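Everything below concerns the one structure shown next.
Bear in mind that the values in this text are calculations on the coordinates, not laboratory data. Quick caveat: nothing in here was measured; it's all calculated off a predicted structure. Neighbour counts are summed over all protein chains in view; Cβ atoms, including those assigned to glycine, are modelled from backbone coordinates with ideal geometry.
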Amino acid sequence: MDYIKRFFKLIKFKRFFRYYLVGMFFLIWISFLDINNLLTHKKLNNSINELKNAKSYYKDEIKKDSLSLYKLTEDSTYIEKFARENYFFKKEGEDVFIIEKKKR
């Protein structure tokens, strides 16, 4: 009688162990060996975050440039200031001195 109980326990353990092995194989396959594994997902999430940061940066730059463009088309004093700072324009009889800082 004791042998029969041991036999049934062994059969139950083998069934459980088989499902356990299949489950572990599935988890390892999905985590590391599949095309859409965890490492790929991590890399893609990092690149998505970088692209979101770049998107917000470029949106801010577009706002700055559109404001500058509006000022350049509407305000003549801003045009004069812009030309003096960026293209070193000057008025007649005026001297321009360019001072550059040393880089460390």
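Of 76, 11, 45, which is farthest on the positive side of the dipole of the chain, counting Cα position, with +1 on Lys and Arg Cβ, -1 on Asp and Glu Cβ, and the Cα centre as origin? Value computed over the given set: 11. Label separation (residue 67 vs residue 19): 6.4 nm, computed from points 7 Å beyond Cα along the C-beta direction. Counted residue by residue at 0.36 nm each, then reduced by the alpha carbon distance between them, the extension gain from residue 87 to residue 7 reaches 19.5 nm. Computed over the chain with a Gaussian network model linking Cα atoms closer than 10 Å, the most mobile of 45, 37, 86 is 86.
Springs between Cα atoms under 10 Å define the GNM used for the chain, and in it the highest mean-square fluctuation of 59, 42, 91 occurs at 91. The alpha-carbon of residue 64 sits under 20 angstrom from the alpha-carbons of these lysines, leaving out residues fewer than 8 places away in its chain: 52, 55, 81. For the stretch 48-104, rounded, prolate or oblate, judged on the Cα gyration tensor with a ≥ b ≥ c (square roots of eigenvalues), a/c < 1.5 rounded, else prolate if a/b > b/c? Oblate shape, in that a/c is at least 1.5 and b/c is the bigger or equal ratio.
Calculate for the chain the 222 nm mean residue ellipticity that helices alone would give, adding -39,500 (n - 2.57) per DSSP H run of length 4 or more and normalising by residue count, nearest 500 deg cm²/dmol.
Values: 3 runs with 76 residues, N = 104.
It comes out at -26000 deg cm²/dmol, rounded to the nearest 500.
The charge dipole of the chain, taken about the Cα centre with unit charges on the Cβ atoms of Lys, Arg (+1) and Asp, Glu (-1), comes to about 1540 debye, rounded to the nearest 20.
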